[in-house]
Amino acid sequence: VEASVNKSDMDRTKEGGKGEKTGAFTGYYAKHPLTGEKIPIYVGDYVLGSYGSGAVMGVPAHDTRDWDFADVFGLEKKFVVAPLPSEGELNEDEALTEYGVAINSGEEFDGLTSEETKKAV
């Protein structure tokens, strides 16, 4: 944890985010606000506090750096977005980083487009 805290943004993004992913399980879990699932909380050395909403990530199947972190730590990569029907089928061997249709997101949201889901949440 100490080593992660002391990394600069430059260190966290070297090699286009493809650098070695290190981190640690905190021993704590969060409750997913939409599904109620128990989610492990990790400290990751590649997280940028200035990007997005900060240090929280919950969709390793939809970001390449999060995907790589999940690989290193054996974390589940649960897809919550599938390609639009016109875009083909879901390839579960790589991160899906494009907008699509919500899946595995709770009955209220499944089937909505990414844009509709953002508004609904």
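Key figures for this structure:
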| read-out | value |
| --- | --- |
| Every residue from segment 19-45 that is of a type in the set (S, T, N, Q) and within 26 Å of V121 (Cβ to Cβ) | T26, T35 |
| In segment 66-90, the residues that are under 28 Å from F25 (Cα atoms) and open to solvent by 50 Å² or more (accessible area, probe 1.4 Å) | D71, V72, F73, G74, E76, K77, K78 |
| Cβ pairs under 7 Å, 6+ apart, first in segment 58-77 and of a type in the set (V, I, T), second open to solvent by 50 Å² or more (accessible area, probe 1.4 Å) | T64/T97 |
| Qualifying positions in segment 72-121 - part of a helix (DSSP H, G or I) and not hydroxyl-bearing (S, T, Y) | V72, F73, P85, E87, E115, E116, K118, K119, A120 |
| Qualifying positions in segment 79-117 - modelled with pLDDT under 90 and among the charged types (D, E, K, R) | E107 |
| Of all residues in segment 78-118 being of a type in the set (G, A, S) and without any contact (Cβ under 8 Å) to a residue 60 or more places away in the chain, the one that is nearest to R65 (Cα to Cα) | A95 |
| Residue within segment 28-43 that is at pLDDT below 65, in a loop (DSSP other than H, G, I, E, B) and either among the small types (G, A, S) or touching a strand residue (DSSP E or B) at 6+ places or on another chain (Cβ under 6 Å) (or both) present | no |
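The values are calculated or read from the model by the stated rules, or taken from the named source; none is laboratory data. All figures in this text were calculated on a predicted structure; none of them were measured in a lab. No Cβ is skipped: glycine too gets one built from the backbone with ideal geometry, and neighbour counts run over all protein chains shown. Heads up: the accessible areas ignore ligands, DNA and RNA and are worked out on the full protein's heavy atoms, side chains in. Shrake-Rupley method; radii C 1.70, N 1.55, O 1.52, S 1.80 Å.
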